[in-house]
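First the structure, in the form of structure tokens, and then the observations on it.
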Amino acid sequence: MNINIAITKGARQFGYLIWNNKNGIEIEKLLEGLKRIHIKFNDFDLGEKNIDSKYHRISLGYKLTRAMPKEHNMYFIYMENGILEVKSYNGNNREEL
């Protein structure tokens, strides 16, 4: 399952992958009720991260999210071999993926 999520100003500033109720069902299916998950962000291995279900977020680290190109406004999320892959891209130009 592949999911696309918009990168909010707060997500970029504070270093989170944040989803809303619209994406909540898809994300919960993808994460299957896990409390922690191994994450790769833009091909950088972040290791095990906590899933904050109450606030619908996972910390990616503000240094990494602030360093993303300004034109990247979407996250592309998918699970591969038990690892949550998160890639940022320009939503106006999908060819980057």
Quiz item: On a 0 to 90 degree scale, rounded to 10, what angle separates helix 21-31 from the longest Cα axis of the chain?
Solution: 60 degrees
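Over 24 Å between C-alpha atoms is what I'm after, so list which of Lys35/Lys70; Lys29/Lys70; Lys22/Lys63; Lys29/Lys49 land there. If you can, show how the numbers build up before the last one.
Details: Lys35/Lys70 31 Å; Lys29/Lys70 30 Å; Lys22/Lys63 27 Å; Lys29/Lys49 18 Å.
The answer is Lys35/Lys70; Lys29/Lys70; Lys22/Lys63.
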Quiz item: Once you charge only the Cβ atoms, +1 for Lys and Arg and -1 for Asp and Glu, what is the size of the charge dipole of the chain about its Cα centre, to the nearest 20 debye?
Solution: 480 debye
Quiz item: Looking at Met74, Phe14, Ser88, which one has the Cα that reaches farthest to the positive end of the dipole of the chain (charges on Cβ: Lys, Arg +1; Asp, Glu -1)?
Solution: Phe14
Exercise. Could you tell me, in Å, what Rg and Dmax come out for the Cα atoms of the range 1-40?
Key: 10.9, 28
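The range 61-90: which GluC sites (Glu not before Pro) are DSSP loop and have at most 16 other beta-carbon atoms within 10 angstrom?
Working: sites: Glu71, Glu80, Glu85; in loops: Glu71.
Answer by residue number: Glu71.
Once the convex hull of the C-alpha atoms of the chain is built, how many Å³ does it hold per residue, rounded to a whole number? Before the final figure, lay out the partial values.
Details: hull volume 9.3 nm³, N = 97.
Spelled out: Cα convex hull of the chain, divided by residues, is 96 Å³.
With the full set of protein chains in place, find how many percent of the accessible area of the chain is carbon and sulfur; take the probe as 1.4 Å.
Percent of accessible area from carbon and sulfur atoms in the chain: 49.
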Quiz prompt | Where the chain is the region considered: accessible area per residue in Å², 1.4 Å probe | solution = 63 Å²
Quiz item: Which residue fluctuates the most in the chain, going by a Gaussian network model with Cα springs under 10 Å, if the choices are Tyr62, Tyr16, Tyr75?
Solution: Tyr62
Quiz item: How large is the helix-only mean residue ellipticity at 222 nm for the chain, computed as the sum of -39500 (n - 2.57) over DSSP H runs with n ≥ 4, divided by its residue count, in deg cm²/dmol to the nearest 500?
Solution: -6000 deg cm²/dmol
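Counting only C-alpha contacts under 8 Å and six or more residues apart, can you give the relative contact order of the range 2-97 as a whole percent?
That works out to 34 percent.
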Exercise. May I ask for the net charge around Ser53, where only other residues with Cβ less than 10 Å from the Cβ of Ser53 are counted and Lys, Arg are +1 while Asp, Glu are -1?
Key: +1
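The values are calculated or read from the model by the stated rules, or taken from the named source; none is laboratory data. Predicted model only: the values in this text are computed from it and were never measured. Counting neighbours? That spans all protein chains shown, and the Cβs are built from the backbone with ideal geometry, glycine included. Accessible surface areas use protein heavy atoms only, side chains included; no ligands, DNA or RNA. Shrake-Rupley method; radii C 1.70, N 1.55, O 1.52, S 1.80 Å.
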